[in-house]
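Novice: This is the structure, below, for whatever I ask next.
The values are calculated or read from the model by the stated rules, or taken from the named source; none is laboratory data. Remember, predicted model here, so these are calculated numbers, not experimental data. Note: ideal-geometry Cβ built from the backbone for every residue, glycine included; neighbour counts use all protein chains shown. In case anyone asks, the SASA skips ligands and DNA or RNA and just uses the protein heavy atoms, side chains included. Shrake-Rupley method; radii C 1.70, N 1.55, O 1.52, S 1.80 Å.
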Amino acid sequence: MSAYSINLPHKLCPQLITAMTLCTRSRHRFEVNVSLFLAIIVSSTTMVASLMRLPARKLLVSKITRQTTNVPFCRSCAFATSVFPSACRPNEHVDSLPRKKKIPSSISTNRATYSSRWVCSFHSHNPDDTLPSVHSSSDRQNTSPEFTVYYALRSSIQLLRKKSIPEPDESALHLLSYVLNLNWETGYRQLRAVMEMTPIESRNILLANVSPTQNLAQQSLTSEQRTSYNAMLERRLQHEPIQYIIGKWDFHHLTGLIIKKPMLCPRPETEELVELVLADVRRLIKERALDHENNKKDKIRILDVGAGTGAIGIALAYQYPKDVQVVALDIIAEAVDLSNRNAEIFLSPLVANDKSEEQIDVRSLYHAILCSAKDFTNSPNVAGRQEHEKQRHRMGFDIVVSNPPYIPLGDMDGLSIDVLQYESREALCGGNDGLDIVRDTIQRLPEWMSCSNRKEASSQTRHCWMEVDDSHPRLLEKWLAPGSEESKVYGVEYCECLTDFSGRDRFVMFRIL
């Protein structure tokens, strides 16, 4: 019996033939009338589904194939591939991971390593194999079909999701953008547009007007790019932060700040801390502009306790290079070197473009030194200080800002793997209650912000801004409440607490008496 003898649209004939073929190959040897009945069901379902835009072949033909025959079929499109191999388009199936298959004994049993090796090996779509074969790198380069940006992006996202890696979409987008050497500011958005394309849209390159996104989606990765991308995926599968893999990250208005282990990766909430300090800087600039008696306009001096990558201090100096001078402290030598290096990168162009009569250098805008908060003092009686460390420091800071180690010891084990395994414990843990460095800072504030070292005393209000754990504001308010004996002893009083973008108590402000 011919499928064309049934009064149905021509485009439904493949479904009819598929259904009839499955029936005739069945173990139970269906009769012809059953075959015809089944074929009509398949065709009718397809007609209804086409009106409702549902993948009927995936719902019905796939079910028939699984239950009535041993004919190989494709999990993604549900076509019986031995009957209609040309109907199956493997390039469109990157959203479906292959079924699990026993790993050959010659391959490592490390699932993360194994999976990331084949994610960048193009699926040849052999109907008899559900898992792409793993070749050596030289074999893959010679035998694998074209490996496009679209396939690399979608398949790696699927793998990262399967391994429960945090932010799988963001991870794949940033890593692939870096491998392709796309523009740091726009490459991420270009790849996101590729990610949001459907398989059909990514392959539609025969139209007269091909968009740049489609061109990027069909761009083939070179062997070097594939090797580099695989290596980065391996590291991300081990929960290594993206910032360490790429080696740079954006912070506030700083594009491509250099990031290295073990310094902390800049957090979005710390950008809010920078905004709070910038508002305080603008307040001081206005107050000094109204001070007609003080003709000499001193720079606003800021002390950053805990330099790290230099993100906070450099961001402040970058916004007001003519009005601000930043000194940063850190106890890790690598952090001091890295922050000074970042300062050279971001502040050197500002110095070069300065046309004022007073020549400045980067060091006059930002300078990090190796010193702890406790040891940053001119007091001669400080336990633990060596003779060569007892040097005179210039004090008289207008603002102190700090993102200190503030996580309580009991909360450290609850941190995510990428934080615990890769970021510095010294930069995270603040002691039993998380307030060790906070106390050291508060005790030094009166000396740091004293006006006695200035030629002209100032009556301007001076503030200290800190990022803290959400359990700290209540403790600090109780300890240094305005008018309390403790606040009078230390010369510091608690002012207010502000929340971050997630609504948590995150920032506190102190006033120097």
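Novice: Could you figure out which of (1) touching a Ser or Thr at 6+ places or on another chain (Cβ under 6 Å); (2) open to solvent by less than 50 Å² (accessible area, probe 1.4 Å) isn't true of Ile331?
Specialist: (2)
Novice: Continuing with this model, one more query. Need a quick list: helices (runs of 4 or more DSSP H) entirely within the range 200-281 having at least 3 residues that are open to solvent by 40 Å² or more (accessible area, probe 1.4 Å) and closer than 29 Å to Arg425 by Cα.
Specialist: Where helices (runs of 4 or more DSSP H) fall fully within the range 200-281 and carry at least 3 residues being open to solvent by 40 Å² or more (accessible area, probe 1.4 Å) and closer than 29 Å to Arg425 by Cα, they are 223-237.
Novice: Only residues in the range 342-358 that are surrounded by fewer than 16 Cβ atoms within 10 Å (Cβ to Cβ) and modelled with pLDDT under 95 count as the first member; pair them with residues that are of a type in the set (Phe, Trp, Tyr) and in a helix (DSSP H, G or I), Cβ under 9 angstrom, at least 6 apart or cross-chain, and list the lot.
Specialist: From residues that are surrounded by fewer than 16 Cβ atoms within 10 Å (Cβ to Cβ) and modelled with pLDDT under 95, the pairs are Leu350/Tyr318.
Novice: To continue, here is another question. Those residues that are in contact (Cβ under 8 Å) with a residue 24 or more places away in the chain, in a helix (DSSP H, G or I) and open to solvent by 10 Å² or more (accessible area, probe 1.4 Å), I need them from the range 156-199; list them, please.
Specialist: Those that are in contact (Cβ under 8 Å) with a residue 24 or more places away in the chain, in a helix (DSSP H, G or I) and open to solvent by 10 Å² or more (accessible area, probe 1.4 Å): Gln158, Lys162, Asp169, Glu170, His174, Tyr178, Val179, Gln190, Met195, Pro199.
Novice: Which ones in the range 294-336 are part of a helix (DSSP H, G or I), free of Cβ contacts under 8 Å to residues at least 60 places away in the same chain and closer than 19 Å to Arg425 by Cα?
Specialist: Ala333, Val336
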